[in-house]
Amino acid sequence: MSSYSIAIHGGAGTISRRRLTPDRQAAYTQALTQAILQGEAILKQGGTALDAVTAAVVSLEDCPLFNAGRGSVFTADGKNEMDASIMTGHDLNAGAVAFVKNVRNPIRLARAVMEQSEHVFLCGDGAEKFAQYCGLSFETDAYFFTQERYDQLLKAQREQRILLDHSEESADSVDKKHGTVGAVARDQYGNLAAATSTGGMTNKQFGRIGDSSIIGCGTYANNLSCAVSCTGYGEFFIRGVVAYDIACLMYYKNLSLDEACRIAIQEKQTQMGSDGGVVAVDAAGNVCLCYNSAGMYRAAIGQNRPLFVGIFEDNIALL
Ligand code: ASP
């Protein structure tokens, strides 16, 4: 048996240091710490990377601070439509859902698609029916309502804009710096897994789907290279096929995890005019937390690696 590692993100973006009060910073730190320790506990006890990333993402989905599950942003119609995907690196198995409403934990549904259906990608009403069939938990609209998210929608509509948590324009309030969530892990058996979940973009319409539910774009895992979960401007991450690109840079060009992530995010996404980041782990258990935005809510821990939690360039908590 070899060593395990896990890394998570809670979104990247133009996080304003000035507006992130000590209380808010402490709340994010606590939420990230709780999520990563839940994932780590599973790995420590000899559990799988798949169970670890599921547990970490469920914890973040249940926390209203992040744009996923309970804290999902509102669409133009005032709804919460969520996307999620999950993948295992030893067998390239994957499950994804898009456009789902009222499902408490979209990542559990993506996992159910992977494990209990013949398919990889389900969306909308069909995906919700499948969630019922699998006995997954549903919540009322009230569960997903947060005043700050709703105010964010009203502002976006006044300005006739579609807001990404990452956009500069939405930096006028710290409350808008809540992001998509994701996790990657390597377990003691050397297997990798990745999971990503999001509410997408504020004021999105016409059935818009982002990268988070698209295998190869927002999520990818392959034991021969790495596991990746992305956060950022979904349209650009789809066009850059970012998660798979990182795996390919490692597999075909023999680059290190750090170098592959740097090229995909700091070079290519920057050149495309996009911002965001990734958390990634490779087959040897190395972890990379890489972004080209002002900050990224992120954390990592491993058997041989102390807990790291960060928002900006510098660490905000080290245990
Ligand atoms: N990538 C997500 C999307 O475009 C948003 C995010 O990462 O915050 O839906």
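What tally of residues in the stretch 72-86 results from selecting those that are touching a strand residue (DSSP E or B) at 6+ places or on another chain (Cβ under 9 Å) and under 27 Å from Arg24 (Cβ atoms)? Qualifying residue count for the region: 8.
Would you call Ala41 assigned to a helix (DSSP H, G or I) and within 15 Å of the chain's Cα centre (by Cα)? Let's see the steps before the verdict.
Numbers: assigned to a helix (DSSP H, G or I): yes; within 15 Å of the chain's Cα centre (by Cα): no.
Judged against the criteria, Ala41 is not a match.
Filtered by the rule that a residue be part of a loop (DSSP other than H, G, I, E, B), over 20 Å from Ser225 (Cα atoms) and either open to solvent by less than 70 Å² (accessible area, probe 1.4 Å) or at pLDDT 95 or above (or both), the stretch 264-319 gives Gly273, Ser274, Asp275, Asn292, Ser293, Ala294, Ile311, Phe312.
If you check Glu128 against the conditions, is it open to solvent by less than 40 Å² (accessible area, probe 1.4 Å), at pLDDT 95 or above and among the acidic types (Asp, Glu)? It is true that Glu128 is open to solvent by less than 40 Å² (accessible area, probe 1.4 Å), at pLDDT 95 or above and among the acidic types (Asp, Glu). Here the condition is being open to solvent by 50 Å² or more (accessible area, probe 1.4 Å) and modelled with pLDDT of 95 or more; of Ser197, Ser256, it holds for Ser256 alone.
Look through Asp23, Asp51 and report the one residue that is open to solvent by 30 Å² or more (accessible area, probe 1.4 Å), touching a strand residue (DSSP E or B) at 6+ places or on another chain (Cβ under 9 Å) and among the charged types (D, E, K, R). When all the criteria are applied, what remains is Asp51. Considered as a group, the residues in the stretch 220-243 that are within 14 Å of the ligand (Cβ to nearest atom) and of a type in the set (S, T, N, Q) include one that is surrounded by the most Cβ atoms within 10 Å (Cβ to Cβ), and that residue is Thr231.
Flag: Phe206 matches the condition of being of a type in the set (Phe, Trp, Tyr) and farther than 15 Å from Ala12 by Cβ. Identification of helices (runs of 4 or more DSSP H) wholly contained in the stretch 105-169 with 2 or more residues that are farther than 23 Å from Met87 by Cβ yields 124-133, 141-144, 147-158. For Cys261, the conditions (1) open to solvent by 10 Å² or more (accessible area, probe 1.4 Å); (2) free of Cβ contacts under 8 Å to residues at least 40 places away in the same chain; (3) farther than 15 Å from Tyr28 by Cβ are fulfilled apart from (1).
In a residue-by-residue description of the stretch 85-98, the property of being outside any loop (DSSP other than H, G, I, E, B) and at pLDDT below 95 applies to no position.
Inspect all residues belonging to the stretch 26-33 and state whether any of them is within 15 Å of the ligand (Cβ to nearest atom), open to solvent by 10 Å² or more (accessible area, probe 1.4 Å) and modelled with pLDDT under 95. The answer is no, given that none of the residues of the stretch 26-33 is within 15 Å of the ligand (Cβ to nearest atom), open to solvent by 10 Å² or more (accessible area, probe 1.4 Å) and modelled with pLDDT under 95. Whenever a residue of the stretch 217-230 is free of Cβ contacts under 8 Å to residues at least 40 places away in the same chain, its partners that are in a loop (DSSP other than H, G, I, E, B), lying with C-beta atoms within less than 8 angstrom and at least six residues away or across chains, give the pairs Cys217/Gly240; Cys217/Val241.
For (1) open to solvent by 10 Å² or more (accessible area, probe 1.4 Å); (2) within 15 Å of the ligand (Cβ to nearest atom); (3) among the charged types (D, E, K, R), each residue gets a yes or a no:
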residue	(1), (2), (3)
Val58	yes, no, no
Glu61	no, yes, yes
Glu81	yes, yes, yes
Val100	no, yes, no
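Note on the stretch 137-166: residues that are on the phi < 0 side of the Ramachandran plot and open to solvent by 40 Å² or more (accessible area, probe 1.4 Å) amount to 17. Test each condition in (1) in contact with a Ser or Thr (Cβ under 9 Å, 6 or more places away or on another chain); (2) open to solvent by 10 Å² or more (accessible area, probe 1.4 Å) for Ile246 and report the one that comes out false. If we test Ile246 against (1) in contact with a Ser or Thr (Cβ under 9 Å, 6 or more places away or on another chain); (2) open to solvent by 10 Å² or more (accessible area, probe 1.4 Å), just (2) comes out false.
Considering Thr202, Thr198, the condition of being in contact with a Lys or Arg (Cβ under 9 Å, 6 or more places away or on another chain), of a type in the set (Val, Ile, Thr) and within 14 Å of the ligand (Cβ to nearest atom) is satisfied by Thr202 alone.
The values are calculated or read from the model by the stated rules, or taken from the named source; none is laboratory data. Here the structure is a predicted model, which means the values were calculated and not measured. Here the Cβ is made from the backbone with ideal geometry for all residues, glycine too, and neighbour counts use every protein chain on show. The protein model used for the area step is the full one, side chains on, heavy atoms only, and it has no ligands, DNA or RNA in it. Shrake-Rupley method; radii C 1.70, N 1.55, O 1.52, S 1.80 Å.
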